Structure formats: C-alpha cells, structure tokens
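The values are calculated or read from the model by the stated rules, or taken from the named source; none is laboratory data. What you are looking at is a predicted structure, and each value in this text was computed from that prediction instead of being measured. Don't worry about glycine lacking a Cβ; one is built from the backbone with ideal geometry, like all the others, and counts go over all protein chains shown. All accessible areas refer to the heavy atoms of the entire protein, side chains included, with ligands and DNA or RNA removed. Shrake-Rupley method; radii C 1.70, N 1.55, O 1.52, S 1.80 Å.
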Amino acid sequence: MATLLTSYTRGTAACLSTVMCTVRRGRRQPARRLQLYPPAGFTSRDHLMIPHLTPKQVTHILSQNELKVEIMDPGPVKYFESNHLASNSPTEDQLVEAKCNYTTGQLFAVIDGHAGPECGRAVKQRLLDYIAVSMMSPHTLETVYNLLKDSQHVDIVKHYHKHQGESRRYMLDINSRDIAKFVQELISTTISWDEFSMTEALQEAFVRLDQDISSSATPSPGSNLVNYESLEQALSGCCACVAHTDGDHLHVANTGDCRAVLGQVRGL
C-alpha cells in the first residue's frame, strides 16, 4: 500500500496515512481493489524518519503568509485579505492590488504562473497599468501620453501593498516604452468616449500585454540579440484573474483557469 503525506486544514496535524481505493469498470464487472505502490526505494520503515507535525506547527505553516491591508482611499473596498501557501520556491503565483491614479477605480489581481515565476512577475507589474490605461477618456490619455514623453516612468496606478518577488528595474523601462505606444494607439483609435465598452477595454488590455511580452522576446530589426529575461517570460506563462471596482460597479476579467467567486455575508 502507498504511503502518502497528507496535509489538513488549520488546527489539524499533517500525518502519514495509507490509502486503498476501489475502482469499478463498467456496470457488469465487480469492484476491484487497486493496489497503490510506493516510489522506488521507499521502504515500510521510511515513514518513521519523517517527522510528524503538531497542530500548532501546521497552523503556523498555513498562516505565515496571511495578510490584511486597510485601504484609506475612497472607494467600495475598505480592506482586503490574502493568503498563499507556496508549493515551490520561488513561488510562481502572484498577488497585486492597486488604485487607478487617473480614474476612480480599484484593481485586484491573482496571477497563476506556469513553468516558472518570470511571466507571472511581469504580468503582476504590468497588467494593471494596461487595464488602467484602457479605461481612460481621450483627454486623460492625452495627458498621460505627454507625461510619458517627458518622463521615463509614470505612476499610472498606486499599489496598496508591496509583495515579495517584485520585478527588476529593467521591467519598468520596458513597461514605460510599451505603455507609451499603447496610449498613442488608443488616442488615434478612440473616436468618442460615448463608444466606450468595459468588456472591450479589458479584453484589449489582456491581449495587448500578451503581444508586448511576446514582442520583447524577439530580436529587434537588424539585430540577433534577445533579452534573456524577456525570453524567459515569453517561454513560461501564467493565468490571471482581475477584479475592477468603481462605486457600485464590479467588473471581473480572466484568462486561463483562474476564476473569481462572488459571495455575500448575511446578517451584517
């Protein structure tokens, strides 16, 4: 029988347990007991060498990354809470929360990295800027574009909390360059604010960032040089789920298998 390391929720201990499962093939065949085998080289005495965790130790492991942040800015969200338990190091998953500096919205995102942390880190640092820009009025786009021309970096959003695993400085330069191009194109293609669509704005932000990450990993015309870190971002990947709040409006966008769940606390 296989010996599995099973972890439980807070307040209970992680323990070693043996599992025997039953499978049924078709309606006419009787149930069979499926034998699970341990990894090669694993002996029946090996479990004695693995330390058992006390309930207190398990609680500490599960709660060490718990976070609660109060939001003092005007808006419907007064605080947010988060927690994560990394299954690898460095962790591939990211959190980011921010206020839009040029509109009244708030943005909250969960990012699920694949095949390494590089793409998730880039999306964490860049996606909220793209979304914030895509929701700006033509007049605000002109203002931001003039600032981008005069300065190498403009704070399009204000982050509520600085999480671990922030991207390197070179990402700020790439993001500022690509955001300036994106803003310029939005100015040239936006005819009237009356035609604004939140759905189209969110979709355009996701798609444009995906294109820019891919473009950064390809050689520039007349050169065979490739930025290695940009290449790592493009060769890995991530899913993302973003919630945007503005007054009593809530918009949720996702790509991949990240999802948001909306609930209500009754009796308050």
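Couple of notes before you dig in:
- PRO51 vs. criteria at pLDDT 60 or above, of a type outside the set (Val, Ile, Thr) and either open to solvent by 50 Å² or more (accessible area, probe 1.4 Å) or within 30 Å of ASP248 (Cβ to Cβ) (or both): yes
- Inter-residue pairs, beta-carbon under 8 Å, first under 23 Å from GLU81 (Cα atoms) and in segment 45-63, second modelled with pLDDT under 85 and aromatic (Phe, Trp, Tyr), 6+ apart: VAL58/TYR8
- If the condition is being in contact (Cβ under 8 Å) with a residue 12 or more places away in the chain and open to solvent by 50 Å² or more (accessible area, probe 1.4 Å), then segment 252-268 contributes ASN254, THR255, ASP257, ARG259, ALA260, LEU262.
- Under the condition of being open to solvent by less than 60 Å² (accessible area, probe 1.4 Å) and either touching a residue at least 40 places away in the same chain (Cβ under 8 Å) or over 17 Å from ARG121 (Cβ atoms) (or both), the residues counted in segment 213-225 number 3.
- Screening GLU81, GLU97 for residues that are assigned to a strand (DSSP E or B) and exposed (fewer than 11 other Cβ atoms within 10 Å of the Cβ) leaves exactly one candidate, GLU81.
- The requirement of being within 29 Å of CYS239 (Cα to Cα), β-branched (Val, Ile, Thr) and at pLDDT 85 or above is fulfilled nowhere in segment 82-93; no residue meets it.
- Looking only at segment 68-77, and only at residues there that are at pLDDT below 90 and open to solvent by 40 Å² or more (accessible area, probe 1.4 Å), the one that is nearest to CYS239 (Cα to Cα): PRO76
- VAL69 being within 17 Å of THR245 (Cα to Cα) and assigned to a strand (DSSP E or B): yes
- The listed residues are ILE213, ILE179, and the only one of them that is assigned to a helix (DSSP H, G or I) and touching a Leu at 6+ places or on another chain (Cβ under 9 Å) turns out to be ILE179.
- Candidates are the residues of segment 100-115 that are open to solvent by 50 Å² or more (accessible area, probe 1.4 Å) and more than 13 Å from the chain's Cα centre (by Cα); the one that is modelled with the lowest pLDDT is ALA115.
Each row is one residue, and each column tells you yes or no for (1) at pLDDT 90 or above; (2) assigned to a loop (DSSP other than H, G, I, E, B).
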{"position": "LEU172", "(1), (2)": "no, no"}
{"position": "ASN175", "(1), (2)": "no, no"}
{"position": "ILE187", "(1), (2)": "no, no"}
{"position": "GLY222", "(1), (2)": "no, yes"}
{"position": "CYS241", "(1), (2)": "yes, no"}
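- Scope segment 140-161; condition modelled with pLDDT of 80 or more, assigned to a loop (DSSP other than H, G, I, E, B) and open to solvent by 70 Å² or more (accessible area, probe 1.4 Å); matching residues: ASP155
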